[in-house]
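What follows is a structure written as structure tokens; I'll ask about it next.
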Amino acid sequence: MKVLLVRPWVNKNITTVKNFLFGEPMGIECVSTILKENNTEVLLVDFMVETNGRLETYLENFKPDIVGVTSQCTDVENVVQIAKMTKQFNEGITVLVGGVQAATYPDSFFLDCIDYVFKSTTRKNIEELIQNVANGNEPVLIDGVYSKNLQFINDGEFCFNEYIVPDRESTSRYRKEYSYIGYKPCAVLQTAYGCRNRCNFCVRWKLEGSKVREILIDEIVDQIESIDEPYIMICDNDFLINEKRLTRFCELLEERNIKKEYMCYGSVNSILEKSDILDRLRKNGIVAVIVGYEAFDDNRLKSYNKAATVDDNITATELLRKNNIACWGSFIIHPDWEKSDFKKLIEYINILKPELITFSPLVPHPLTPLYDEFKDRLIYEKEDYDKWNFGDVLIYPSKMSLKAYYWEVLKLTLKVNGNRHSVKYTFKTFPIRNTLKMVFGFNSLFKVYIKNFLTRR
């Protein structure tokens, strides 16, 4: 049995940093682990790196029995294209689709060119499906999997994804290209699932659960020790929750003399609760924490179901700065903002002074309560997958025209990306080559905003 695992090409029409900053495809690396445990021959192809790669070449040379494709919302068009190309090459090849989009909206892929859609991924359901395909058996109901031959109907219980150690060997030929912000080469590591914060704009805790499920930190450090890259992005929703676990993390790194640098997500409250261990975390390699500030006023924070206040945001940022940990802050641009709100955001950023700032228009994901709140004001249908990318404005503004709103976004982009504090940090922290790549990447986003401003009425 041969399985070709594929990450699609980037959709060039989307407004997202995915065009120039991306990490390893951890989802299909985990699938590769399971397949190899079952003596399956695996080849992983990453078309985000091989931008000019040809699927047909791999189909001809590798001759897979199965093609498995990972997906995000903006990938739907390219995933379907890969499925169609595979079936045109050989109708007998089984096509599987998994990933975030399949987990969130499996019906995006209920098509004739796709045989199976994974809503969740576990050792058990992958093993069952592979054995079923290998033996040429009739399709049977498998937990977490929709089958075309069963009319994509599955009323069984769907579980969360199982934790699997990624098969990083499967991406060995691409690893030097994986990056995060200016850190390159950079590996990605997940140490826990779920999120306690339940922000009402976030879909991730809906997919992973509101209860945090942590992997034994000793096993995580075993992974870290085996990773070749000097930089690691820890992609947990909030790595800084459990102080006992963080202490053990530091102890193990110190005992084994592991010297790497880490970026992680951390909530404001977790930072405030861990003031006593931040210095030790920094000494053990935590160089940056991504903090979701989201708003500059308490009422808006409350409406997002954020537990922190604007003053808490300031205190948390000062704690990170005091311990020489960079703060990468993110904000949400609300569709009900007036022009003055854009100015207030800049004023608040000037008070916070995070090392890097990102922002995105509010995304009312259909799995969140925000969708019902804003569905009558949506600019695009939820099936316009390439527009749900955290770059395009999705909701008609209430206080100004869409054109005027994009003009304010344009000005905000210039001020945020050109602020002296962030520019100084970027050139001081990252190699010049990586920095220039970031600059050109943000420039591409800026061009899209200009296009939207010129074309919107």
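Starting from the stretch 355-367, take each residue that is surrounded by 18 or more Cβ atoms within 10 Å (Cβ to Cβ) and list its partners that are assigned to a strand (DSSP E or B) and of a type outside the set (Gly, Ala, Ser), counting only C-beta distances under 6 angstrom and pairs at least six apart or across chains.
From residues that are surrounded by 18 or more Cβ atoms within 10 Å (Cβ to Cβ), the pairs are Glu355/Cys327; Leu356/Trp328; Phe359/Phe331; Phe359/Ile333; Pro361/Ile333; Leu362/Ile332.
Could you look through the stretch 374-412, keep only residues that are of a type in the set (Ser, Thr, Tyr), closer than 16 Å to Trp337 by Cα and assigned to a helix (DSSP H, G or I), and pick out the one that is modelled with the highest pLDDT?
Restricting to residues being of a type in the set (Ser, Thr, Tyr), closer than 16 Å to Trp337 by Cα and assigned to a helix (DSSP H, G or I), the top hit is Tyr405.
Okay, next question. Can Asn305 be described as open to solvent by 10 Å² or more (accessible area, probe 1.4 Å), at positive phi and assigned to a loop (DSSP other than H, G, I, E, B)?
Judged against the criteria, Asn305 is a match.
Within the stretch 370-403, how many residues turn out to be open to solvent by 30 Å² or more (accessible area, probe 1.4 Å) and either small (Gly, Ala, Ser) or under 15 Å from Asp75 (Cβ atoms) (or both)?
8
Quick one: is Ala187 within 19 Å of the chain's Cα centre (by Cα), more than 30 Å from Pro431 (Cβ to Cβ), open to solvent by less than 30 Å² (accessible area, probe 1.4 Å) and in contact (Cβ under 8 Å) with a residue 40 or more places away in the chain?
Criteria not met by Ala187.
Tell me, please, whether a residue that is modelled with pLDDT of 95 or more, within 21 Å of the chain's Cα centre (by Cα) and either of a type in the set (Asp, Glu) or under 27 Å from Phe152 (Cα atoms) (or both) can be found in the stretch 32-39.
yes
Oh, and also: From Phe440, Phe453, Phe430, grab the single residue that is modelled with pLDDT of 80 or more and of a type outside the set (A, V, I, L, M).
Phe430
Can you tell me how many residues within the stretch 117-174 are in a helix (DSSP H, G or I), polar (S, T, N, Q) and either closer than 18 Å to Leu35 by Cβ or open to solvent by less than 60 Å² (accessible area, probe 1.4 Å) (or both)?
5
Here is a yes/no grid of residues against (1) over 22 Å from the mean Cα position of the chain (by Cα); (2) open to solvent by 30 Å² or more (accessible area, probe 1.4 Å); (3) among the hydrophobic types (A, V, I, L, M, F, W, C):
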{"residue": "Asp276", "(1), (2), (3)": "yes, yes, no"}
{"residue": "Val289", "(1), (2), (3)": "no, no, yes"}
{"residue": "Val310", "(1), (2), (3)": "yes, no, yes"}
{"residue": "Asn313", "(1), (2), (3)": "yes, no, no"}
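Report whether or not Val3 is in a strand (DSSP E or B), free of Cβ contacts under 8 Å to residues at least 60 places away in the same chain and open to solvent by less than 20 Å² (accessible area, probe 1.4 Å).
no
The values are calculated or read from the model by the stated rules, or taken from the named source; none is laboratory data. What you see is a predicted model, and the numbers here were worked out from it, not measured in a lab. Backbone-built Cβ (ideal geometry, glycine too); neighbour counts: all protein chains shown. Just the protein is used for accessible areas: all its heavy atoms, side chains included, with ligands, DNA and RNA removed. Shrake-Rupley method; radii C 1.70, N 1.55, O 1.52, S 1.80 Å.
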